[in-house]
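So the structure is just underneath, and the comments pick up after that.
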Amino acid sequence: MKRPISIARWLRGRFCGHGRWLTGGAAAVLAFFVTAGLAAPLVSMRLTRFAPDELHPELAFAPPGARAIPRLNPRYDGDSSAFAALDHDGDGLLRCYRRPSPDGGVPLLAMAQRDWPVIHEEIVASLERLEARGVMVDEFFGAVTGRLVCPALDKRRVLYDGFYATLLQSFDGGAGVPADGELEIDEYPHDPGQVSSEVLAAAEYLEWPLLGRAGFARLDLNGDGKLHREEILEATRSLRFNPVHLLKHHDRDGDLAISAAEFPGLPRPSVYLLGADSLGRCLLTRLLYGARVSLAVGFGATALSLFIGILFGGLAGGGGSRRDEAMMRFVDVLHGLPFPLVVIMALVVLGRGLWALILLLGVTGWMTMARVVRGQVRALRQAPFVEAARAYGARPGTIIGLHLLRNAAPPVLAYAVLMVPGAMLGEAFLSFLGLGVAPDSPSWGASIAEGAAHMASAPWLLWPSALALGSTLMAFHLVVRCR
Amino acid sequence: MLRFICYRLVTALTVLWLVFTAAFLLVRFAPGGPLESADALPPSVRANLEERFGLDRPLREQYVESLRAALRFDFGVSFIHQGQLEVGELLSRAVPISLELGLYATVFALFVGLLAGIVGARRPGGCLDRAVTFLALSGYAVPSLVLAPLLVLLFGERLAWLPVSGWDGVASKVLPTVALGLVFAAALARLSRSSFENALKEDFVVAARARGVSERRILVRHVLPHGIGPVLGFLGPALAQVLTGSIVVERVFAIPGVAEHFIESALARDYPVLMGVVMLYSALLLLLNLVTDLAHAYLDPRVMEPAR
């Protein structure tokens with residue numbers, strides 16, 4: 001009699017025998033994407049600094065290397081010279097205080113929700129805590145939105161705005177370069193004589209690079225060596241920062257105010273490592289969050305299929321021949337259904353969502369699993385060791401748990417691992433058609449669809465998600481490959 | 001044989017009926033039906049509309065009526081297009097194109113897949129065999145979803161050899177056929193390789209070699225008919241994948257086939273068209289399953305016995 005395979009032996013065969021490099025590499029790819037998916041919030045906050053739904057419309061279709069100032073979690077430049085300009089009441093603190101404003105002010109939470117569509121729970125909690133104490137962070141918000149009356153800052157803001165607003169009109173077409181609505185480095189003002197002295201004084205006050213290559217680089221967010229109107233507009237907003245983040249991470253003494261010593265400087269732009277999509281969202285962040293969605297659907301649907309399949313297959317294989325026949329005919333009938341279409345129809349009719357997707361893909365994917373389980377159970381119940389167990393009077397629970405399940409596990413698990421990429425592909429397929437989890441949720445399939453649609457103008461959109469999906473599917477098949 | 005055919009036919013029709021019933025119930029009890037958004041309508045207009053779409057009669061009557069209509073392949077009028085376009089008319093324009101694409105892709109896949117299978121099986125473990133195994137594995141990794149855009153990028157945009165959209169002229173049909181067929185060919189290659197490898201070990205091959213039959217004749221006359229059985233058995237389920245893939249490929253290459261109407265109707269909740277497409281694809285799939293099963297049974301009569 002053939003010795004039943006144990007999972008440990010099976011794993012040893014995969015990772016120690018012939019072709020271990022291939023299996024090991026595939027396992028590494030899988031581990032990478034699982035980690036990326038699990039750690040997506042952490043990585044996006046620490047590395048990319050962008051939230052998956054954070055829109056930067058001025059950078060739509062920007063190539064890799066473009067820069068923008070993250071709204072939610074920026075890095076600061078460590079330069080405290082801007083503090084004086086922000087501290088418009090001159091008390092040495094950027095404070096949260098209750099402002100008896102004529103219009104009553106916008107409630108903090110509502111304002112934050114408007115300005116940052118994606119707010120992490122902890123930030124919401126800290127905002128609620130602030131509001132419960134009757135605090136408004138107007139000084140920060142004033143700097144952000146420019147709604148606060150502050151003569152010192154506003155004068156400089158007006159000067160900057162005026163300078164940047166006329167930048168294109170004044171200098172486009174200078175230095176022998178034809179006027180094309182964009183400003184190149186040769187056209188950009190280098191000489192202090194080209195700019196009014198008030199603007200120069202304001203720039204000096206803030207130590208804000210204005211002229212020459214440094215000033216140009218400050219504005220050239222997407223790094224293509226040209227200044228577009230949108231980039232200049234974005235640069236004028238670069239005094240923006242997230243007061244909540246500032247308070248949360250830099251208010252060391254907990255007085256809900258930032259002193260000059262605590263002030264971390266102005267927010268720095270972060271780089272879009274893989275470029276931006278059609279709405280100016282960070283592609284790398286969305287790729288990481290897409291791994292989350294993809295793996296959630298893959299493992300969730302597989303778990304459901306596994307459950308139904310084991311239940312159905314076990315009942316069919318463990319029962320009499322008539323029950324077995326009837327149940328397996330039912331599986332045959334179901335097997336003939338065009339499931340992608342049925343799932344699409346059900347999604348359209350019943351509504352979308354992560355759980356709906358997991359449920360539908362799970363409910364439509366268990367038939368082959370039921371066949372595998374049934375085959376195993378039927379083969380094993382005749383096995384000598386099961387008869388022996390029965391003969392010495394083992395209880396049915398022991399037989400099922402110790403003998404049947406344990407010995408049926410390797411093929412069933414191997415097949416289950418192969419079902420995960422199937423479900424992931426199903427999710428990508430539905431997202432590709434625009435029928436995925438939700439219209440704006442990050443998904444590899446949706447990303448591929450967008451990349452395919454804008455292939456000629458933005459080829460960098462397609463590669464990351466296509467490679468991620470392809471390598472994950474390949475890795476699953478390599479780990480459980482047949483000889 | 002007759003009993004087998006009858007059994008398969010009855011099963012297929014049952015499935016078709018099940019699909020229809022499920023689709024009918026889903027659509028009837030769906031939130032956001034055709035008149036949901038129109039709750040501001042005056043009652044008389046609403047009653048008029050309900051009468052026109054037959055929504056005022058009892059459910060059982062509606063069911064029987066639409067089942068009868070479906071048997072004539074009449075799924076009513078599309079909700080969009082101002083109620084001017086019959087579903088049957090819409091589909092009759094799109095179906096030949098989709099069928100053509102599916103046919104080309106299947107033929108391409110069979111040719112490439114079987115060829116790769118034979119080449120790989122002739123020298124197991126050899127250089128070519130490893131290449132075939134790699135091709136087969138990459139078929140899993142690169143579904144049509146990924147392959148189609150990449151082909152467009154490479155051959156359409158970078159090299160600009162072939163047109164990347166539309167469906168007229170031979171040149172525009174090459175890329176969609178390859179994009180759809182290659183994934184399928186990979187699966188076929190994998191299956192036929194192992195099946196041919198087993199066939200090459202059979203006694204009759206050894207006997208034929210001993211008789212001095214040429215290697216080519218052995219392959220074509222002995223190995224091919226014997227090894228093609230499992231491939232045929234696999235063809236039926238694989239056609240479902242071709243069908244899914246064709247939705248993607250038609251979308252990427254902007255082919256005016258069924259997929260376009262299907263997606264459009266799914267996004268716009270145009271239930272008559274949605275139902276028409278689902279029924280059409282189900283019927284097609286079951287028919288093809290039936291044909292491949294019968295072919296399989298003809299080649300290998302053991303299939304007919306219920307091996308339960």
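Quick rundown of the values:
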| quantity | calculated |
| --- | --- |
| Hey, A:Arg67 modelled with pLDDT of 80 or more, in contact with a strand residue (DSSP E or B) (Cβ under 7 Å, 6 or more places away or on another chain) and among the basic types (Lys, Arg) or not | no |
| Pair list, Cβ < 9 Å and 6+ apart or interchain, from region B:228-247 residues that are away from every other protein chain (no Cβ under 13 Å) to residues that are open to solvent by less than 10 Å² (accessible area, probe 1.4 Å) and among the basic types (Lys, Arg) | none |
| Candidate set: region B:251-269, residues that are within 11 Å of another protein chain (Cβ to nearest Cβ) and buried (at least 21 other Cβ atoms within 10 Å of the Cβ); chosen: the one farthest from A:Leu350 (Cα to Cα) | B:Phe253 |
| Matching residues in region A:337-346 - criterion: being at the interface with chain B (Cβ under 8 Å from one of its Cβ atoms) and open to solvent by less than 10 Å² (accessible area, probe 1.4 Å) | A:Pro338, A:Leu341, A:Ile344, A:Met345, A:Ala346 |
| Qualifying residue in region A:412-428 (condition: among the charged types (D, E, K, R) and open to solvent by 40 Å² or more (accessible area, probe 1.4 Å)) | no |
| Checking B:Arg130 against (1) within 14 Å of chain A (Cβ to nearest Cβ); (2) in a loop (DSSP other than H, G, I, E, B), the condition it does not meet | (2) |
| Of residues in region A:348-379 being facing chain B (nearest Cβ under 8 Å), assigned to a helix (DSSP H, G or I) and open to solvent by less than 30 Å² (accessible area, probe 1.4 Å), the one farthest from A:Phe429 (Cα to Cα) | A:Val349 |
| Residues of region A:280-321 satisfying the condition of being free of Cβ contacts under 8 Å to residues at least 60 places away in the same chain and away from chain B (no Cβ under 14 Å) | A:Ala303, A:Phe307, A:Leu311, A:Leu315 |
| Residue within region B:135-152 that is outside any loop (DSSP other than H, G, I, E, B) and more than 14 Å from every other protein chain (Cβ to nearest Cβ) present | no |
| Candidates B:Ala12, B:Ala70, B:Ala30, B:Ala38 - the one that is open to solvent by less than 30 Å² (accessible area, probe 1.4 Å) and modelled with pLDDT of 80 or more | B:Ala12 |
| Number of the condition not met by A:Ala389 [criteria: (1) closer than 18 Å to B:Val19 by Cβ; (2) open to solvent by less than 10 Å² (accessible area, probe 1.4 Å)] | (1) |
| Sole exception among (1) crowded, with 18+ Cβ neighbours inside 10 Å; (2) under 33 Å from the mean Cα position of the chain (by Cα); (3) at the interface with chain B (Cβ under 10 Å from one of its Cβ atoms) for A:Met328, by number | (2) |
| Of all residues making up region A:300-325, the number that are surrounded by fewer than 18 Cβ atoms within 10 Å (Cβ to Cβ) and either of a type in the set (Phe, Trp, Tyr) or on the phi > 0 side of the Ramachandran plot (or both) | 1 |
| Test: B:Ala283 is at pLDDT below 80, open to solvent by 20 Å² or more (accessible area, probe 1.4 Å), on the phi < 0 side of the Ramachandran plot and facing chain A (nearest Cβ under 10 Å) | no |
| Qualifying residue in region A:286-296 (condition: more than 20 Å from B:Val19 (Cβ to Cβ), of a type outside the set (A, V, I, L, M) and at pLDDT below 85) | no |
| One residue from B:Ala109, B:Ala189, B:Ala121 being away from every other protein chain (no Cβ under 13 Å), at pLDDT 80 or above and over 20 Å from the mean Cα position of the chain (by Cα) | B:Ala121 |
| Residue list for region B:139-162, restricted to those being open to solvent by 50 Å² or more (accessible area, probe 1.4 Å) and without any contact (Cβ under 8 Å) to a residue 12 or more places away in the chain | B:Leu154, B:Glu157, B:Arg158, B:Leu159, B:Ala160, B:Trp161 |
| Some residue of region B:207-219 being touching a residue at least 40 places away in the same chain (Cβ under 8 Å) and open to solvent by 30 Å² or more (accessible area, probe 1.4 Å) | no |
| Matching residues in region A:430-454 - criterion: being under 18 Å from B:Ala254 (Cβ atoms) and open to solvent by 10 Å² or more (accessible area, probe 1.4 Å) | A:Phe432, A:Gly434, A:Ala449, A:Glu450, A:Ala452, A:Ala453, A:His454 |
| Residues being touching a residue at least 60 places away in the same chain (Cβ under 8 Å) and of a type in the set (Phe, Trp, Tyr) - total across region A:416-444 | 2 |
| Residues satisfying the stated conditions in region B:152-186, i.e. at pLDDT below 80, among the hydrophobic types (A, V, I, L, M, F, W, C) and at negative phi | B:Leu159, B:Trp161, B:Leu162, B:Val164, B:Trp167, B:Val170, B:Ala171 |
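Yes or no, residue by residue, for (1) over 21 Å from B:Phe196 (Cα atoms); (2) at pLDDT 75 or above:
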residue	(1), (2)
B:His222	no, yes
B:Ile247	yes, yes
B:Thr292	no, yes
B:Pro301	no, no
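The values are calculated or read from the model by the stated rules, or taken from the named source; none is laboratory data. Worth saying up front: this structure is predicted, and the values here are computed from it rather than measured. With ideal geometry, Cβ positions are generated from the backbone for all residues, glycine too; neighbour counts draw on all protein chains shown. We work out accessible area using only protein heavy atoms, side chains counted, and drop any ligands, DNA or RNA first. Shrake-Rupley method; radii C 1.70, N 1.55, O 1.52, S 1.80 Å.
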